[in-house]
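The values are calculated or read from the model by the stated rules, or taken from the named source; none is laboratory data. What you see is a predicted model, and the numbers here were worked out from it, not measured in a lab. All Cβ positions, glycine included, derive from the backbone under ideal geometry; neighbour counts span all protein chains shown. Ligands, DNA and RNA are stripped out before the accessible areas are found, and what is left, the full protein with its side chains, is counted by its heavy atoms. Shrake-Rupley method; radii C 1.70, N 1.55, O 1.52, S 1.80 Å.
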Amino acid sequence: MKSLPEGFRALVIGAGGALGGAFAQCLQADPRCAAVRALGRHTEPPVDLAHEAGIAAAAAQLREHAPFQLVVVATGVLHTARARPEKRLADLSAAAMEEVFRINAIGPALLLRHLSPLLDRQRSLMALLSARVGSIGDNRLGGWYSYRASKAALNMLVRTAAIELRRTHPGAVLAALHPGTVKSALSRPFRGDEIGREPPAAAADMLSALDALGPDDSGCFLAYDGQRLPW
């Protein structure tokens, strides 16, 4: 991360997942990174996107380590025990949609609320993992209603937060980041192990794409290869 200052501090949320763990490992191997805090549901402090009080408590504990020059939110859900990607309107259920939105949109919104004040005002990057299928303009196949809509909501949250943050943190950059298909539990039921990239390679690609962003890019929707994606 050459654009960040020597001795930068990084925070990874979702470190228990394949991509979150890969982000943490990449940053720990970066000689310019002084410290990496890698948090998830089973760490101390724990960060569970379904519990707002826990997010607030974790942010309070992290203040003593702030400011952070890099924050990566590597969380997301495509399927659960009761929520599968819907192929048609007849498959929709309120309970499943609520579960997906809580992890993909509401939880990240709360992380934006509680973690953005911890960003370095002079130069910092905060990336939240989105997905290309969350692009409204790029949707040509349909289906996957809850996942698409929740990621589209996340994109709007990032875009809107970037406008507000520009007033208080002029050197901070927010980005919604598409990782591509990665070998992970999320993609496994959808041929992820067959067609996906290894998590360390995907994390390295995304860090490189983030490293090229400047303040004027804040609020962008970016692919792992640096390509700008349509909203």
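Assorted remarks:
- Among the residues of the stretch 84-131, those that are surrounded by fewer than 19 Cβ atoms within 10 Å (Cβ to Cβ) and of a type in the set (D, E, K, R) comprise Arg84, Lys87, Arg88, Asp91, Glu98, Arg102, Arg113, Arg121.
- Inside the stretch 174-231, residues that are assigned to a loop (DSSP other than H, G, I, E, B), modelled with pLDDT under 95 and not charged (D, E, K, R) make up a count of 7.
- Top-ranked residue in the stretch 39-55 [being assigned to a helix (DSSP H, G or I) and not acidic (Asp, Glu); ranked as most open to solvent (accessible area, probe 1.4 Å)]: Ala53
- Any chance Ala105 is small (Gly, Ala, Ser) and touching a helix residue (DSSP H, G or I) at 6+ places or on another chain (Cβ under 8 Å): yes
- Subset of the stretch 59-96 [without any contact (Cβ under 8 Å) to a residue 24 or more places away in the chain, under 23 Å from Ala172 (Cβ atoms) and not charged (D, E, K, R)]: Ala60, Gln61
Okay, residues lined up against (1) modelled with pLDDT under 95; (2) more than 14 Å from the chain's Cα centre (by Cα); (3) of a type in the set (Phe, Trp, Tyr):
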site: Pro67; (1), (2), (3): no, yes, no
site: Leu70; (1), (2), (3): no, no, no
site: Ala74; (1), (2), (3): no, no, no
site: Ala81; (1), (2), (3): yes, yes, no
site: Arg84; (1), (2), (3): yes, yes, no
site: Ala90; (1), (2), (3): no, yes, no
site: Ser93; (1), (2), (3): yes, yes, no
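- Pairs, first more than 16 Å from Phe68 (Cα to Cα) and of a type outside the set (Lys, Arg) in the stretch 163-174, second open to solvent by 10 Å² or more (accessible area, probe 1.4 Å) and assigned to a helix (DSSP H, G or I), C-beta under 9 Å, six or more apart: Glu164/Ser116
- The single condition among (1) open to solvent by less than 10 Å² (accessible area, probe 1.4 Å); (2) of a type in the set (A, V, I, L, M); (3) over 20 Å from Lys151 (Cα atoms) that Val72 does not meet is (3).
- For the stretch 89-107, the count of residues that are assigned to a loop (DSSP other than H, G, I, E, B) and not aromatic (Phe, Trp, Tyr) is at least one.
- Qualifying residue in the stretch 56-69 (condition: open to solvent by 30 Å² or more (accessible area, probe 1.4 Å), among the basic types (Lys, Arg), more than 18 Å from Ala109 (Cβ to Cβ) and assigned to a loop (DSSP other than H, G, I, E, B)): no
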